[in-house]
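What follows is a set of notes on a single structure, which appears directly below.
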Amino acid sequence: IRVNAAAGPPPPARYLAQPPPAGGPPADRVTAGVGAVALITHAAGQRRGAADCSAASVPSRSSTALARKESSGAASGGLWRLTKILLRCLELFAFLCPVAAWCLLQQLPLLGGAFSRERQLSLLVSALARCGPVGIKWGQWASTRYDLFEEDFCEALGTLTNAAPAHGYAHSRAAIEAAFGQPLGSLFDSFDEKPVASGSIGQVHLAKLRGGGDVVAVKVQHPNLAERLSLDMSLLRALGELAARYAPDLRIGETADQFAINFRAQLDFELEAENLERFAANFSSAFWRALVSFPRPIAGLVSREVLVETFEEGESVATYLTRAGERQVGEWRQDAKGAWYMIEVGETGSEDGIRYAGTANAGDMRSSVALCGTQAYFKMLIWDNYIHADLHPGNVLIREAQLGLLARVQRYLLLGDFTPTAPHIVFLDAGLAASFDDRIFGTAQSFFDAVTRTDGPAIGKAILGLAPTQPYVEAREGGREAFISEVAAKCTAQKEEMDRGEGRPGDNIRAYMDSVRSHRVVLDPTVMVALMSMLVLEGWQYRLDPAVSIFHCLEAATGGGVFGTLQKASALYQSVVGRLTGEKAAA
């Protein structure tokens, strides 16, 4: 079970601030908490009788450091550890209590109107920020879910994407000088003391490199993250064990473990630099370079807690989510050839033209952002098997780019848009990436193929194959057949909805997840990371333009249209090149 599987080339040595320890394998940074995943999975298997799933990889330094933090309390004084946990409980209670009290006061028959919702949301945002990284991460996720929460709720939590509490300049300066062994003035001609953005993991300062004058972004990790995460994970695990006694189907313990693993992955900025390099290589073709880019690490200025990278200009996609409000969802219809198109609705409610599914509305930036973002994600998922798994709006920038004639022709052939100006998407914060192993990747391909064919039984079988074993399903007589039958029935209902021009891909995914939970189906952690990332993407894509259907983009990416043809041609080309290279090596 791998998150950030080490399927790519080894990290370039030039990006390390310091050489690795003598005799240390380079793989100690490539996997994001894989050793921890193996230990957690093995322990879970012993408790519940599940089959053993292990990962033959060395834990990353961030995993090892946090593991030491989590075990140091037991080794050096359990009483002190317990005291810190109790103090953390009291601290969280103090942070969240005002929000809960305000919600209760709002329900009072006569006085409730005096307690405004605006103040309630302000208290919630403040409480989540004070709770630390875990609270901020949840707020970032919730800010994209316009389908689950009210608009003002999402907009309020959206401030946590880039405006989380910042640490002081003194810590940033000390961390940079400790990471690179030089005074700040020796590294930069200028350095902005006030950060331009702050998130759950770190904050970003702008600076100019010494001598070169290039503006760069300096990302500095917040202090004491490993210790704070250790305490919060102890609380979540305790909650998970308590819940397992009374509501075992919730499986909170597994969720807490996976959250901790994902968070650990983001505590190693050297790992993030490697991810950025790999994403840049995957999107290095002339077509994709015109549409998508990633920051580039600066040689010699990368350490575990400080990352210096190119500064990328752009506007957060979050601003596009609120700009001009939510689009009106028109009526879906089919033409004589069976192709789907949407009757677009204008502001007055009148019909305002038609647009075929999976195409952008020419000249509309929001529509182009939705389509390009969705196709870029499916390229990561289906073509590259390397997924950016933290796509909340704060990590996605948009800027306008002028396209040359060739790029415009390419864009028209693939996206149906010939406008000279197109959105350019910049993906930031690549600390969390996911990659399937060969077996899971093959099963995932079968799953996507079954989805595009609306083959319910095949979808059910593929879902059961997204983990090495299914101990809970197999423990019940007829468990596999019952799950497959339920998924097939939902698929049939969704197909009928789609034929009526109704339904939404995100809702379909959540319906399958309901079946997964009720039947206690086990999913590989990388699958869950990819699914959560897809749901976040679908949330802001649908908000930008509902006519850009994820289902039709998936259909194109897996085999239909120009995208599918290019995928097959690319696979054939790589196969031929690989065969020729192998023959030369043998000779």
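The values are calculated or read from the model by the stated rules, or taken from the named source; none is laboratory data. These figures come from a predicted structure and were not determined experimentally. A quick note on method: Cβ atoms are made from the backbone with ideal geometry, for glycine too, and the neighbour counts reach across all protein chains shown. The accessibility values were calculated without ligands, DNA or RNA, using every heavy atom of the protein model including side chains. Shrake-Rupley method; radii C 1.70, N 1.55, O 1.52, S 1.80 Å.
Brief remarks on what is shown
Residue by residue, here is whether (1) in contact with a Ser or Thr (Cβ under 6 Å, 6 or more places away or on another chain); (2) among the hydroxyl-bearing types (Ser, Thr, Tyr); (3) closer than 30 Å to Leu321 by Cβ holds:
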{"site": "Ala450", "(1), (2), (3)": "no, no, no"}
{"site": "Ala467", "(1), (2), (3)": "no, no, no"}
{"site": "Arg480", "(1), (2), (3)": "no, no, no"}
{"site": "Glu497", "(1), (2), (3)": "no, no, yes"}
{"site": "Arg510", "(1), (2), (3)": "no, no, yes"}
{"site": "Val516", "(1), (2), (3)": "no, no, yes"}
{"site": "Val522", "(1), (2), (3)": "no, no, no"}
{"site": "Gln541", "(1), (2), (3)": "yes, no, yes"}
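- Residue pairs whose Cβ atoms lie under 7 Å apart, separated by 6 or more positions or on different chains, with the first residue in the range 480-507 and more than 25 Å from Pro546 (Cα to Cα) and the second surrounded by fewer than 15 Cβ atoms within 10 Å (Cβ to Cβ) and of a type outside the set (D, E, K, R), are Ile484/Pro457; Ala488/Pro457.
- Given (1) open to solvent by 30 Å² or more (accessible area, probe 1.4 Å); (2) among the hydroxyl-bearing types (Ser, Thr, Tyr); (3) modelled with pLDDT of 75 or more, number of the condition Thr558 does not satisfy: (3)
- Considering residues of the range 500-517 that are within 20 Å of the chain's Cα centre (by Cα) and over 16 Å from Met528 (Cβ atoms) only, the residue surrounded by the fewest Cβ atoms within 10 Å (Cβ to Cβ): Asp507
- When Phe427, Phe441 are checked against the criterion of being within 17 Å of the chain's Cα centre (by Cα), of a type in the set (Phe, Trp, Tyr) and modelled with pLDDT of 85 or more, Phe427 stands alone in meeting it.
- Test for Gln494: is it open to solvent by 50 Å² or more (accessible area, probe 1.4 Å) and part of a helix (DSSP H, G or I): no
- Listed by first and then second residue, the pairs linking a residue in the range 284-312 that is in contact (Cβ under 8 Å) with a residue 40 or more places away in the chain and farther than 21 Å from Gly202 by Cα to a residue that is open to solvent by less than 10 Å² (accessible area, probe 1.4 Å) and among the basic types (Lys, Arg), with Cβ atoms under 9 Å apart and 6 or more places separating them unless they lie on different chains, are Phe287/Arg411; Ala290/Arg411; Leu291/Arg411.
- Here Val204 does not fit the description of being open to solvent by less than 30 Å² (accessible area, probe 1.4 Å), part of a strand (DSSP E or B) and β-branched (Val, Ile, Thr).
- Of all residues in the range 373-384, none satisfies the criterion of being open to solvent by 10 Å² or more (accessible area, probe 1.4 Å) and touching an Asp or Glu at 6+ places or on another chain (Cβ under 9 Å).
- Top-ranked residue in the range 404-418 [being open to solvent by less than 30 Å² (accessible area, probe 1.4 Å) and in contact with a Phe, Trp or Tyr (Cβ under 9 Å, 6 or more places away or on another chain); ranked as modelled with the highest pLDDT]: Ala407
- Qualifying residue in the range 64-79 (condition: surrounded by fewer than 18 Cβ atoms within 10 Å (Cβ to Cβ), more than 30 Å from the chain's Cα centre (by Cα) and modelled with pLDDT of 65 or more): yes
- Sole exception among (1) under 25 Å from Asp268 (Cβ atoms); (2) surrounded by fewer than 19 Cβ atoms within 10 Å (Cβ to Cβ) for Lys219, by number: (2)
- Under the condition of being in a loop (DSSP other than H, G, I, E, B) and either open to solvent by less than 20 Å² (accessible area, probe 1.4 Å) or more than 9 Å from Thr526 (Cβ to Cβ) (or both), the residues counted in the range 434-455 number 5.
- Any hit, the range 155-167, residues being more than 26 Å from Leu535 (Cβ to Cβ) and modelled with pLDDT under 80: no
- With a requirement of 3 or more residues that are modelled with pLDDT under 90, the strands (runs of 3 or more DSSP E) lying completely within the range 275-359 that satisfy it span 331-334, 340-345, 351-356.
- Residue list for the range 383-415, restricted to those being in contact with a strand residue (DSSP E or B) (Cβ under 8 Å, 6 or more places away or on another chain), under 25 Å from Leu535 (Cα atoms) and assigned to a loop (DSSP other than H, G, I, E, B): Tyr386, Ala389, Leu391
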